[in-house]
Amino acid sequence: MTAAQAIAATDGRVRCPWSESSQLYRDYHDLEWGKPLHGDDAMFERLCLEAFQSGLSWITILRKRPAFRTAFSGFEIARVAEFGAEDVARLLADPGIVRNRSKIDATIANARVALDLDIGLDELIWSFAPPPRPRPTAIADVPATTAESIALAKELKRRGFRFVGPTTAYALMQATGMVDDHLTDCWV
């Protein structure tokens, strides 16, 4: 069995190989990743975290997630949409989060766009869910983008969202259970 295939962990369960480098990754893999997620604020949080992850490792975001939740008022769309210059200054000074001005500004702008949608953010994003497909057998079979993630990114951008390219959109689809990219041998 290669590292690109599911591997048996110390607890005897077979998992996707990326989940075995830390307990935080394992918990995220077992309890969250790939499970259907609904709710506008919950979807907004995942969209924001995927955007903050751009250019960084996901473990960095997982480690900082509690601080992100505190800093961004639990990712409540209505509250984040009200953030102003003082909030931006506060966020830029917060060592618990990723202090990237463009990503902070995008999060606030995205909250304002989400608040003004004619349908809920959850409904909008899930409208791009592809039909179920077989699970991949190896990591090499997992795409970085799909036609659906390209279309989702295009629609989000058309509506005014930022930091939502096709790769980020696909990672969001994976994280929220719109696609099931757990490997075929994975216990989840």
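The numbers here are math on the coordinates, done by the rules we state, and not lab data. This structure is a prediction, so every number in the text was calculated from the model and none was measured. Note: ideal-geometry Cβ built from the backbone for every residue, glycine included; neighbour counts use all protein chains shown.
A few points about this structure:
- Yes/no for Asp105 being in a helix (DSSP H, G or I), of a type in the set (D, E, K, R) and surrounded by fewer than 17 Cβ atoms within 10 Å (Cβ to Cβ): yes
- With respect to (1) under 19 Å from Lys157 (Cα atoms); (2) in a helix (DSSP H, G or I); (3) of a type outside the set (Lys, Arg), the lone exception for Ile119 is condition (2).
- Restricted to the stretch 134-155, and to residues there that are touching a residue at least 40 places away in the same chain (Cβ under 8 Å) and part of a helix (DSSP H, G or I), the residue that is surrounded by the most Cβ atoms within 10 Å (Cβ to Cβ) is Ile139.
- Among residues of the stretch 29-52 being free of Cβ contacts under 8 Å to residues at least 60 places away in the same chain and of a type in the set (Asp, Glu), the one that is farthest from Gly165 (Cα to Cα) is Asp41.
- Residue match in the stretch 46-54 (condition: in contact with a Lys or Arg (Cβ under 9 Å, 6 or more places away or on another chain) and in a loop (DSSP other than H, G, I, E, B)): yes
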